[in-house]
Structures are given as structure tokens and as C-alpha cells.
Amino acid sequence: MTMNCQELAAQIEKLQPDAMPGDVARLCLLLTNYVSNIEELVDEERLAEVWHEMGIRLQAATDQHAAMTEELEALSQASPDNFSMDQIWVLIRAIKVQSQVLQLYVGRPPVEL
């Protein structure tokens, strides 16, 4: 059996009936980028496994992003002319975290710094 995006969306709606259409579309993208072949998701057990793994990865990326946002907000109060090496490392880590989040959505490896 082959699966297309509409069928995957229907499966997601079964797993999460109260999901908004934008969330369903986002989950379709995340799940299809996570597996090498969308056909893996035809199997309900595999779909549940990938759903769980992606949920963990997304939560970790979200937590890192939230922490980094706080650091960047604090950093925005300083003058760039006076940045210390620690503040520059905050900027570099922020780029790396943003790259990890982007990787989840585009399915490409993160940029190595």
C-alpha cells in the first residue's frame, strides 16, 4: 500500500483529532522528513514510533530554542561594540540551535560550526 500526504494527514487527525489544519500540515512535514520513505508510516506501529521520536526531538529543540531566546534577549541589551567572547559564543550557539530547528522542517543536516 502506498501513502500520500492526504492519507498521512488523515492518520494524524486520528491520532490528534483536535489538531488545527496548520498543525496537521506541519506534522506531515516533520514526519515525512524524519523517515527515509513515507511508506514506513503506513504501518500504524511504525507511525506511532516515529510520532513519539519526533515529539521528543521537537520538544528538545523547542526547549533549546526557548532557552536561547532568553539568552538573546539579555544579549540584546548590550552594545555589540563591547561584546565579550562569551556573548559571541551565545550568538554562535543561537545559530546552531536555529539550524537544528530548521533541520526538522527541511530534512537536511544542520550546518556545522
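Summary table below
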| item | result |
| --- | --- |
| Estimated FRET transfer efficiency when R0 is 35 angstrom, pair Asn82-Gln103 (beta carbons, to 0.05) | 0.60 |
| Highest-fluctuation residue, Met85, Met68, Met54 considered, GNM on the chain with Cα pairs under 10 Å | Met85 |
| Sequence-separation-based contact order of the range 1-69, relative, with Cα cut under 8 Å and 6+ spacing, percent | 31 percent |
| List Val106, Val42, ordered by accessible area with a 1.4 Å probe, largest first | Val106, Val42 |
| Accessible area, probe 1.4 Å, largest first, for residues Trp51, Trp89 | Trp89, Trp51 |
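The values are calculated or read from the model by the stated rules, or taken from the named source; none is laboratory data. Please read all numbers here as calculations on a predicted model, not as lab measurements. Heads up, the Cβs are rebuilt from the backbone with ideal geometry, glycines too, and the neighbour counts pull from every protein chain shown. Calculation scope for accessible area: heavy atoms of the full protein, side chains included, ligands and nucleic acids excluded. Shrake-Rupley method; radii C 1.70, N 1.55, O 1.52, S 1.80 Å.
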